[in-house]
Structures are given as structure tokens and as C-alpha cells.
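Readers should treat all values here as calculations from the given coordinates under stated rules, not as data from a laboratory. All values reported here derive from a predicted model rather than from experimental measurement. Note: ideal-geometry Cβ built from the backbone for every residue, glycine included; neighbour counts use all protein chains shown.
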Amino acid sequence: MDIHEHQAKEILARFGVPVPRGGLAWSPEQAAYRARELGGDGWVVKAQIHAGGRGAAGGVKLCRSLHDVTDTATRLLGQQLVTKQTDAQGKSVSRLWIEAATEIARELYLGFVLDRKTERIMIVASAHGGIEIEDLAESDPDSLRRMTIDPAVGLAEYQARELAFSLGLAGPQIGQMVTILKACYRAYRDLDATMVEINPLIITAHGELVALDAKMSFDTNALFRRPEIAGLRDREQEDPRESAAGDHGLAYVGLTGDIGCIINGAGLAMASMDMIKLAGGEPANFLDIGGGASPERVVRAFRTVLTDPGVSVILVNIFAGINRCDWVAEGVVQAYREVGLTLPVVVRLAGTNVEEGNRIIRESGLPLITADTLADAAAKAVAARPPRLAA
Ligand code: GDP
Ligand code: MN
């Protein structure tokens, strides 16, 4: 789960990371009020969306007058902001973070991620921040410093100092960097985060280290024990289809093709998508009904897939281990009748109670297309698509 920049900054500040003073605004009037409240003669108006790359897309603006703050807020609020990290629809801007402008002397990069290879939290840092980590990895890979943290020991003081030195910091900045590294590590670990990123971490004109931007993501499987984090969720920033599916315990990822896929298990889902592409089709989504799917769950899966108007065929591909083919088959039949389906549906069942499942499908009398193998199912789904109308 992602959160907004201002929320990440509030969290990191609680752990001891220095951040600029700022305030939240939901309207242009409030933005100007916040700026007046902060004082000074420079403010940064920052669109709060769950994506980076805002600066290059006009979502971060340095303003020199209250008038400019109001104008910028008017322009940004209600906008769909498209950045390099969003899709073509962009993300809607309904809140702004108004910050006292800071003078930048240097920009660094600092990130905390989970390194699956070592099964440890890894720090990634660079003396050249302010650009996306992916671009940095391409343009200046030698500048990247990596360090893994032993969970039994935590982030050791000497490690933090070593990292600070390797970034070219000196004097009081070493101590500041150690404080920031330890704070981020504790926030990451104590709150079940999966990512903390400060880009840029700046050195101000006065030589102070300050987090000018902040990003945090959290492990959704741990949210049950982090109610204060769960409360930061902003559904408006999520794909409505994905959040609706999530509410029903289904994992849904929206794609751009026209073959709706109802599958159990992420591995089988990915294999099925490959097979669809190989057969010349494009998946509309990736819907994982998981293990132990009841008929009701299968019906919900159909309803979820059908909310996408681009779907013209549905492919059900189940390899039942924990699941039962007869339950899935009952769900398919029930969904077909309840929803009043008119689209072609291809069903491929394998595993537990497959004979019973296939019997239910056969005896339903519904025009369901059955398939034996994954390749067969993909080919039949592609073939069942209605012919495209000439443009
Ligand atoms: P992102 O583009 O979504 O990652 O948004 P950031 O919060 O990182 O802002 C983008 C860029 O705006 C930063 O890399 C800075 O160069 C610039 N910026 C943000 N805040 C300030 C500020 O207070 N003063 C100055 N001079 N530049 C800023
Ligand atoms: Mn940034």
C-alpha cells in the first residue's frame, strides 16, 4: 500500500528525519492560507498523488508570491496528473502539500528496499539524487552505494558512518546522515514498510540535510496490525477495479486487452497470460481467485471482470489443488445465469474433482466452451473473440 508524500514526511519526522515545514490544502484558498501561515517569501506547491515524477510533469511548483500559490493550486486541484510513473489516465489531484521553499546546495538519493536475494533490508544511496533511481542506475551506476542490514543487529553505527563518508559527506553532516539512516531504518522495520525513499535528500544552503521528498509503501499483509497505517489509505488513488476486488479477497490487476482471465494462483495467471499472447490475444486483466474458492467467490470474480467494458471473452483456467473443480464449475454456472452472460466463456479445469466439475459444466446446458490444456484454452479464447469492426 502506498501513502502520500505528506504522510510519509509526517511519519519520518516522528522518527527523527528533518523535513521542511508544510501544511495540507484542499482548496486554492487554503493553499494561500497555508503559505501565509508558513511565512517567508517562497513556497513549493506539491500535488499529492501516489506516483513520482511530479516535478517534470508540472506537479511541483516553486512559487514566489501568494498570488502564484493560489494560481498554481487552482491549476493543479481537480487535475488528472500524468507523470512518467502513472498510466495515461494519470492520478487525480485533490490535495496539495504547501511547503516553505528550501535552498538546495546538493541533491542526494536515499532508498530502503527489501533485497530478496539476501532476505534483508537494503540501503541504496547515491551522491547524485533528484533523478529517478531507474535513470540513475542507467546514467551513473557507479555512484550507487548498497548496504544490507543484519536484522539481528540492526543498522550499526559504523555502517551508517561508512555510508555517509562514501557519499562525500563531512563534518556535522556525517552525524545528521547517521540520524537520518537510523530513523528511516526504524520507521521501515517498526511499521512493516516495504519501501522508504527520500529523493532528493538535500544539503541546504546552510549545510543541513533535509528530506525534500519522501515516499513510503507498506506490506498489505501486515496492515491488520498497523491500524494507524491502514487509516492512511487513499482509495481515490487506486484503480477502482483493483480495490473493489481486494475488498472481496480477490487479487485483480487491470490490463488493456479484451480477454478477461479468472485464474487461481499468480503463477498460473502469468503462464496463462503468456499463452494468450502466444495465441495472438491480449489479456484484459489478471484476476486471481486464490485457493479454496467457493461458488460465491467465482460469481464475484465474474462480476469484477465484467466491470471492464473492454472484455469480450472470459477465460476460466483453474488448476485445483486446494480448490475444488466442482465448486468452481458451480460458480461458473451460477455466474452465467445470475449475470445473464452473453459473452463467450472458455473453461479449463484440472485437478481435484475435475470429472465432477466437467460434468456440471456439460450438464448445465449453457454454451460454455471447454478446453483440456492451457494452450487449448488460450487458443479457444482467442478464437472466440468477436471480429473487430473496421475502424
Ligand atoms: P517528484 O518529481 O515527484 O519526485 O517530486 P519532488 O518532491 O522530488 O520534487 C521534484 C523536484 O522539485 C526536486 O527534485 C527539487 O529539485 C524541486 N524542489 C522541490 N522542493 C523544492 C524546494 O523547496 N526548493 C527548491 N529549490 N526546489 C525544490
Ligand atoms: Mn522526488
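Among the residues of the stretch 31-56, the one identified as away from ligand 2 (no atom under 15 Å from the Cβ) and without any contact (Cβ under 8 Å) to a residue 12 or more places away in the chain is TYR33. Taking each residue of the stretch 179-202 that is surrounded by 20 or more Cβ atoms within 10 Å (Cβ to Cβ) and looking for partners that are assigned to a helix (DSSP H, G or I) and small (Gly, Ala, Ser) with beta-carbon atoms closer than 6 Å, six or more apart or interchain, yields LEU181/ALA160.
ARG241: more than 16 Å from ligand 1 (Cβ to nearest atom), over 20 Å from ILE180 (Cβ atoms) and surrounded by fewer than 17 Cβ atoms within 10 Å (Cβ to Cβ), yes or no? The answer is no for ARG241. Inclusion of ALA269 among residues that are under 25 Å from LEU114 (Cα atoms), away from ligand 2 (no atom under 16 Å from the Cβ) and surrounded by fewer than 17 Cβ atoms within 10 Å (Cβ to Cβ) is not warranted.
Of all residues in the stretch 78-101, those satisfying the criterion of being more than 10 Å from ligand 1 (Cβ to nearest atom) and under 26 Å from VAL210 (Cβ atoms) are LYS91, VAL93, ARG95, LEU96, ILE98.
For the stretch 89-122, a residue qualifies if it is surrounded by fewer than 14 Cβ atoms within 10 Å (Cβ to Cβ) and acidic (Asp, Glu), and the qualifying residues are GLU103, GLU119. Please name all residue pairs, on different chains or six or more residues apart, with Cβ atoms under 6 Å, provided the first residue is in the stretch 260-273 and is on the phi < 0 side of the Ramachandran plot and the second residue is assigned to a helix (DSSP H, G or I) and crowded, with 24+ Cβ neighbours inside 10 Å. Filtered contacts from the stretch 260-273: GLY260/VAL305; CYS261/SER272; ILE262/ALA301; ILE263/SER272. Of the strands (runs of 3 or more DSSP E) lying entirely inside the stretch 1-88, those carrying at least 1 residues that are of a type in the set (A, V, I, L, M) and buried (at least 22 other Cβ atoms within 10 Å of the Cβ) are 22-25, 43-47. Taking the numbered list (1) out of contact with any Leu (no Cβ under 7 Å at 6 or more places or on another chain); (2) touching a residue at least 40 places away in the same chain (Cβ under 8 Å) in turn, ARG300 passes all entries but (1).
Checking each residue in the stretch 370-382 for being surrounded by fewer than 15 Cβ atoms within 10 Å (Cβ to Cβ) and without any contact (Cβ under 8 Å) to a residue 60 or more places away in the chain picks out ASP372, THR373.
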